[in-house]
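Structure first, then comments.
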Amino acid sequence: MSTPTEAWFDDPLVRPYAVTGGRTRSSQRGLDLITLVVAMRTPAEVADLQPEYAMALQVCQQPISVAEVSAKIDLPLQVVKVVLSDLIAQGHLIFRSAAPTNEAPSQYILQAVLDGIRRL
Amino acid sequence: MASEGSDRRLTTAVKIVVAGGFGVGKTTLVGSVSEVPPLRTEELITEASSRVDDLAGVEAKTTTTVALDFGRITISPELILYLFGTPGQNRFWFMWDELARGALGAVVLADTRRLDSCFPAVDFFERRGLPFIVAVNCFDDAYRYGTEEVRAALDLDPQTPVLLCDARDRESTKQVLVTLMHHVMAGSRLARTH
């Protein structure tokens, strides 16, 4: 089957947004790089999950950031945000936004980070 | 734990940004303290290509990916610190916005052989009002400038800490992050007394 058009296969056979039905924006719920998500169910407990949705749910069994989900299941950030938004909408995931960005982080958090770095 | 009336079932995440020119050692610095090998996430960018020889009226779009490298430090079961390296290419400024939003502070990693490559980062954080420090990564073959020479060359405020570091060394990177946190906390105390 070697033909001069072989290079065509350099592109992913399934375009990234095919996973999300072509949607590039989700309601997103303000999902950010470090928004933490955690699964309420295991993939086995949910019927008819697409493979990417099952993979995302699997890596969220412990609290994990949106950026880490993207790195672990190797899908671009925007695609992961759509997938996670859908899982949240379906009640399979809960999320915790980062502290509001218009507020300075509390002195308590800053001190805890400083102490944590010193303990490394 | 100081409760702010929020749901504590989930952990809190905070981040620190590590910026600097291409090849200055950002991912090395992140990796020296991260509890996992640096992770990589990608953002898809669709941009109008602006080649001069494009046919008039025909707009081509290309999709590129911007890679972000980051590490993780679990401070406690309730608190996770993420360290994000900025993309090497300066044209992806909108990514810097998302990175800087809500960050505790930033480390500008400098290489004295190419000090000008960290000007854009210094500029960006000054304009954003995000507290930052400058850490000079001491490469073996680079002339060791003093921190005051670096401060003068970058035209930094007297309050902005400058220190020398070795991004490969865990203790050295810890010192960089401790210095940043002291600077952030001094600024936040000052802000509350005004």
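At a glance:
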quantity: Residue, farthest from the chain's Cα centre (by Cα), within segment B:64-117, restricted to residues that are of a type in the set (Lys, Arg) and away from chain A (no Cβ under 11 Å); calculated: B:113
quantity: Sole exception among (1) β-branched (Val, Ile, Thr); (2) within 8 Å of chain B (Cβ to nearest Cβ); (3) surrounded by 17 or more Cβ atoms within 10 Å (Cβ to Cβ); (4) in contact (Cβ under 8 Å) with a residue 12 or more places away in the chain for residue A:109, by number; calculated: (4)
quantity: Number of the exception - residue B:163 against (1) in contact with a strand residue (DSSP E or B) (Cβ under 7 Å, 6 or more places away or on another chain); (2) more than 14 Å from every other protein chain (Cβ to nearest Cβ); (3) crowded, with 18+ Cβ neighbours inside 10 Å; calculated: (3)
quantity: Lone qualifier among B:28, B:41 - being closer than 30 Å to residue A:39 by Cβ and at pLDDT 90 or above; calculated: B:41
quantity: Subset of segment A:57-104 that is facing chain B (nearest Cβ under 7 Å) and in a helix (DSSP H, G or I) - its residue that is modelled with the lowest pLDDT; calculated: A:78
quantity: Search result, residues across segment B:172-194 that are farther than 16 Å from residue A:114 by Cβ and exposed (fewer than 15 other Cβ atoms within 10 Å of the Cβ); calculated: B:190, B:191, B:192, B:193, B:194
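The values are calculated or read from the model by the stated rules, or taken from the named source; none is laboratory data. Just so we're clear, the structure is a prediction, and the values are computed from it rather than from any experiment. Virtual Cβ from ideal backbone geometry, glycine too; neighbours counted across all protein chains shown.
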